[in-house]
Every structure is written in C-alpha cells, then in structure tokens.
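Reading through the structure tokens given below for one structure.
The values are calculated or read from the model by the stated rules, or taken from the named source; none is laboratory data. Quick caveat, the model's predicted, so the values are computed rather than measured. Here the Cβ is made from the backbone with ideal geometry for all residues, glycine too, and neighbour counts use every protein chain on show.
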Amino acid sequence: EAEVAQSPRYKITEKSQAVAFWCDPISGHATLYWYRQILGQGPELLVQFQDESVVDDSQLPKDRFSAERLKGVDSTLKIQPAELGDSAMYLCASSQGVGGGTEAFFGQGTRLTVV
Amino acid sequence: SQKIEQNSEALNIQEGKTATLTCNYTNYSPAYLQWYRQDPGRGPVFLLLIRENEKEKRKERLKVTFDTTLKQSLFHITASQPADSATYLCALLWYNQGGKLIFGQGTELSVKP
C-alpha cells in the first residue's frame, strides 16, 4: 500500500540552528500539505502545494520558515533559525487534488524538539 | 477567517454505547467535510467524508451528518469498542480555495470495557 514518507522521524536541535524536514508524497498526488501539530491541538496548516506551486502559505511564518516542492514531487520544509516554540509534530499529507479524491493521506510525522 | 470547533473535553463512554462527536464551523460552508482518526504519536487517518449537498453518510459502524444551515456535523460510532479510543478530527475542504484543508482541534474519545 502506498504511503507518504517523512524523514527524519525525530529531530532534536538547539535554538537558532537550522532544521529541515523531507516529505515524499504518494505517487501521482498533486496536492501536498505541511501541517504543524502541538500536543493536544489539531493540525495547523502551514503550506499547501498544487504540483510545484504554492496554493496557500498564509499561516507560514515566512521570516523563519520556507517550503519548496521544486519538481512537483517531494517537498522540503525548513526552519532557520529554530526557536523553542517550534517544538511540535510536523506532518506532511498528500491527496489527488481538486477534481480527484480529496481525502488526505498523512505520513508518520517528524517530532521536533528545540532545546 | 474560518473557525472549526470540536468538543474540547474528552468523551468517556461505556463499551457498546454510541459515541457522538460534534463539529461546528463559522462562515462559508465547505465543499467537503471529513473525519479523521488520530492515535498518539501517529498521523491522522481518513475515515469518511460528506459533501455539502449530502445530509448523511454511513460506513460500517460510523455515521456522519451534515447540516449546512446549522453549520454543524455530527459523527457517530455505534456499538463502540475499546479499540475505538482515539482522537477524532473534523476537517473542512474548500474547492474555491484550491482544496484548502483545515482541521479542528479534535475530540479525544475513551471507550471503557
């Protein structure tokens, strides 16, 4: 069964350092989402891609966060510099996109701890 | 901006009973309303969706209703089992925003044997 792959699974970094997360969506899925989830809360949408284009990044803290999906396949989310408040689970999800199936398939997530 | 509200308090029920979870939203009705299950430390898993022109959807022991007038969805699990214990997330998707998918904060369900 096809899955969304994320790496690393866990990441500990010191504040002010740079950190990057990688996501490989299910093959053929045009839409890719990055979410941040703080313990006890729901996933918060950070950025949404349709193929290689950003559809929505209104909640992405652009002074420190960046995201790219250069060839419309896998994606990278970067934080520089990391702050203590960035400690959370970072989830990637993909779907076939508008016109296709709308259900989102999630990866296992990356648990980030900033110390 | 759109807001989604789910029961913030955990729901504790006895095995065999029906669990009912609520999802309320503000502003514009979405094209789709979806429900996901999330277990601790794992990503959400899609359960089922209902379209804006549908009133009710069923899948095995799950039932979802969608009232666009009240701006509310109810999610029912009948004959609940301890294995149903998890956090359940409501999510709304808008086609006119390119398939933007927004989640509520989730409701934790605990089914006691």
Original post:
Going through region B:97-113 one residue at a time, which ones are in contact (Cβ under 8 Å) with a residue 12 or more places away in the chain and either more than 14 Å from the chain's Cα centre (by Cα) or in a strand (DSSP E or B) (or both)?
Top reply: B:L101, B:I102, B:F103, B:T107, B:E108, B:L109, B:S110, B:V111, B:K112, B:P113
Subject >> Answer from A:Q108, A:Q80 - the residue that is buried (at least 17 other Cβ atoms within 10 Å of the Cβ), out of contact with any Phe, Trp or Tyr (no Cβ under 8 Å at 6 or more places or on another chain), at pLDDT 95 or above and not small (G, A, S) >> reply: A:Q108
Original post:
Quick one: in region A:58-75, which of the residues that are among the small types (G, A, S) and over 17 Å from A:L91 (Cβ atoms) is modelled with the highest pLDDT?
Top reply: A:S66
Original post:
Among the residues of region A:1-19 satisfying the criterion of being exposed (fewer than 14 other Cβ atoms within 10 Å of the Cβ) and of a type in the set (A, V, I, L, M), which is farthest from A:L84 (Cα to Cα)?
Top reply: A:A2
**OP:** Read through the list (1) modelled with pLDDT of 95 or more; (2) surrounded by 22 or more Cβ atoms within 10 Å (Cβ to Cβ), then give the number of the only condition that B:L101 fails.
**Re:** (1)
Original post:
Which residue, of A:S87, A:S53, A:S7, is more than 29 Å from B:Q6 (Cβ to Cβ) and modelled with pLDDT of 95 or more?
Top reply: A:S7
Subject >> Counted residues, region A:61-84 - those being without any contact (Cβ under 8 Å) to a residue 24 or more places away in the chain and under 30 Å from B:Q6 (Cβ atoms) >> reply: 4
Original post:
Which residues, taken from region A:1-34, are among the hydroxyl-bearing types (S, T, Y), more than 12 Å from A:G109 (Cα to Cα) and either more than 12 Å from chain B (Cβ to nearest Cβ) or in a loop (DSSP other than H, G, I, E, B) (or both)?
Top reply: A:T13, A:S16, A:S27
Subject >> Number of the exception - A:C92 against (1) assigned to a loop (DSSP other than H, G, I, E, B); (2) within 11 Å of chain B (Cβ to nearest Cβ) >> reply: (1)
Original post:
Does B:A79 satisfy being surrounded by fewer than 17 Cβ atoms within 10 Å (Cβ to Cβ) and at positive phi?
Top reply: yes
Original post:
B:D67 fails exactly one of the following numbered conditions: (1) surrounded by 15 or more Cβ atoms within 10 Å (Cβ to Cβ); (2) under 30 Å from A:D57 (Cα atoms); (3) not polar (S, T, N, Q). What is the number of that condition?
Top reply: (1)
Original post:
With A:V73, A:V54 as the choices, which residue is among the β-branched types (V, I, T) and outside any strand (DSSP E or B)?
Top reply: A:V73
Subject >> Identity of the residue in region B:20-36, aromatic (F, W, Y) and closer than 17 Å to B:L109 by Cβ, that ends up surrounded by the most Cβ atoms within 10 Å (Cβ to Cβ) >> reply: B:Y36
